[in-house]
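Report on one structure; see the data block that follows.
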Amino acid sequence: MDEETHEWIREYIAAVPAGSVASYGDIAALAGASNPRIVGWVLKEDGFDLPWHRILRADGTVAVHKQQEQLDRLRAEGVLAKDSKIDMKVYRWDPDSRTN
DNA sequence: AGACTGACTCTAG
DNA sequence: CCTAGAGCCAGTC
């Protein structure tokens with residue numbers, strides 16, 4: 001695993017604003033990760049400092065053990081989950097909209 | 001090196 | 001809508 005890619009993944013995840021969400025595939029593509037799984041791996045490694053709760057699967061579902069808690073966090077940020085699922089088409093983070 | 005697992009994604013039934 | 005299978009890459013044993 002390249003440290004550069006590793007950092008990029010963390011940067012992009014950290015760049016996701018509250019009220020928006022992103023999928024593993026999105027982060028992987030943006031960070032240049034070989035596969036979405038790499039993003040999940042990075043989150044597991046250094047996700048403690050990152051808003052990993054804003055990272056969902058492509059379907060908008062949360063695959064973690066504490067999904068209920070994550071959905072609650074997202075709800076607090078303005079992301080309303082529909083039956084443990086998120087409207088990706090609505091809340092999906094648009095990288096082009098990021099105003100660094 | 002070989003085999004298993006996983007915070008993923010896609011396609012098919 | 002839900003389940004099953006395959007592809008993918010990195011980590012661990």
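Which condition from (1) assigned to a helix (DSSP H, G or I); (2) modelled with pLDDT under 90 is the one that A:Val64 breaks?
(1)
Output the number of residues of segment A:86-100 satisfying the condition of being modelled with pLDDT of 90 or more and either part of a loop (DSSP other than H, G, I, E, B) or closer than 16 Å to A:His53 by Cα (or both).
Residues in segment A:86-100 being modelled with pLDDT of 90 or more and either part of a loop (DSSP other than H, G, I, E, B) or closer than 16 Å to A:His53 by Cα (or both): 6 in total.
May I ask you to say which residue of A:Ala76, A:Ala58 is in contact with a strand residue (DSSP E or B) (Cβ under 6 Å, 6 or more places away or on another chain), surrounded by fewer than 20 Cβ atoms within 10 Å (Cβ to Cβ) and small (Gly, Ala, Ser)?
Working: A:Ala76 fails: in contact with a strand residue (DSSP E or B) (Cβ under 6 Å, 6 or more places away or on another chain).
Answer to the check: A:Ala58.
The values are calculated or read from the model by the stated rules, or taken from the named source; none is laboratory data. It should be emphasised that the depicted structure is a prediction, and the values quoted were computed from it without experimental measurement. Here the Cβ is made from the backbone with ideal geometry for all residues, glycine too, and neighbour counts use every protein chain on show.
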